[in-house]
Amino acid sequence: MKNIMFIAPPAAGKGTQAEKIIEKYHIPHISTGDILREISKEDSEIGNYVFETLASGKLVKDEITYQLIEERLKKEDCKNGFIIDGFPRNLDQAIEYDNILKRLGYQIGKVIVINVEEKILEKRITGRRICENCHAVYNINEEENAPQIESICDICGGKLYQRSDDNIEAFKTRYQMYLEKTIPIIEHYKKQNVLYEVNGNDNVENIAKEIDKIIREN
Ligand code: AP5
């Protein structure tokens, strides 16, 4: 199976769609956002820096991401394909990612852009709730993903929380970062002939079908 990369604005559904692919193809999901959120819990200089940067909606320094991505991709479970989400996020990262892939002997695979309108992203951002115990993701603004009880996980009964950057102010910065820094990398992948685009304004199942079609094409 070819490796999959998602490029999409904040709360477009990268994590949600990655879950669907994992269920079907059993490949690992590598999210720099998830890795950085773990680092942000550390009581250290780097932990504090990452915590504050994430809450502000800005990007963390490139150098921090390089080592953690290369270390993660070296693991045995990536040998048969992986989904990468949240990296690269700017042109420098895209160029370094090409170097990392070369060093590890991996192909870029398929790069899938999920396009979603800004108004819909705002609704998804403000409604996202995550289980602090099993990490299941819900959305109180979207009937199809809403938990039965607003603050309780349907699966394990854990408490649901909101991410520190899931507010309108941080969203504006995250969205601006996407437009300024991330959109330019789309051209980088277009030139390599590995780019696919999907309409992410639709419901989860329809988007998943569109993505699966791309995965199954040669
Ligand atoms: P990251 O965690 O990557 O955040 P993001 O790109 O903003 O993406 P999200 O995790 O918010 O959303 P998602 O697309 O996974 O959406 P989800 O599926 O949850 O990065 C966070 C921060 O880390 C960055 O701001 C930056 O500071 C730092 N960072 C990360 N990588 C970095 C890098 N490479 N360099 C520098 N800094 C980096 O869905 C969202 C919600 O919508 C959920 O509630 C879900 O249930 C709902 N939903 C999903 N799909 C649908 C649908 N089709 N219909 C209705 N509801 C839906």
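Computed from the coordinates by the stated procedures, all read-outs in this text should not be read as laboratory data. Everything quoted here is computed from the prediction, not taken from an experiment. Neighbour counts are summed over all protein chains in view; Cβ atoms, including those assigned to glycine, are modelled from backbone coordinates with ideal geometry.
Within segment 36-84, the set of residues being in a loop (DSSP other than H, G, I, E, B), in contact with a strand residue (DSSP E or B) (Cβ under 7 Å, 6 or more places away or on another chain) and within 13 Å of the ligand (Cβ to nearest atom) is empty. Go through segment 179-197 and give me each residue that's in a loop (DSSP other than H, G, I, E, B) and either surrounded by 15 or more Cβ atoms within 10 Å (Cβ to Cβ) or within 16 Å of the chain's Cα centre (by Cα) (or both). Listed by number, the list holds a single entry, 194. Taken over segment 65-81, the criterion of being touching a helix residue (DSSP H, G or I) at 6+ places or on another chain (Cβ under 7 Å) and of a type in the set (A, V, I, L, M, F, W, C) is satisfied by 68, 69, 73. Across segment 95-146, the number of residues qualifying as in contact with a strand residue (DSSP E or B) (Cβ under 9 Å, 6 or more places away or on another chain), part of a loop (DSSP other than H, G, I, E, B) and within 14 Å of the ligand (Cβ to nearest atom) comes to 5. If the condition is being surrounded by fewer than 16 Cβ atoms within 10 Å (Cβ to Cβ) and either hydrophobic (A, V, I, L, M, F, W, C) or at positive phi (or both), then segment 153-170 contributes 155, 156, 157, 168.
Count of segment 63-74 residues, restricted to those that are under 27 Å from residue 24 (Cβ atoms) and without any contact (Cβ under 8 Å) to a residue 12 or more places away in the chain, is 1. Of all the residues that make up segment 157-178, how many are assigned to a helix (DSSP H, G or I) and under 16 Å from the mean Cα position of the chain (by Cα)? Within segment 157-178, residues that are assigned to a helix (DSSP H, G or I) and under 16 Å from the mean Cα position of the chain (by Cα) number 5.
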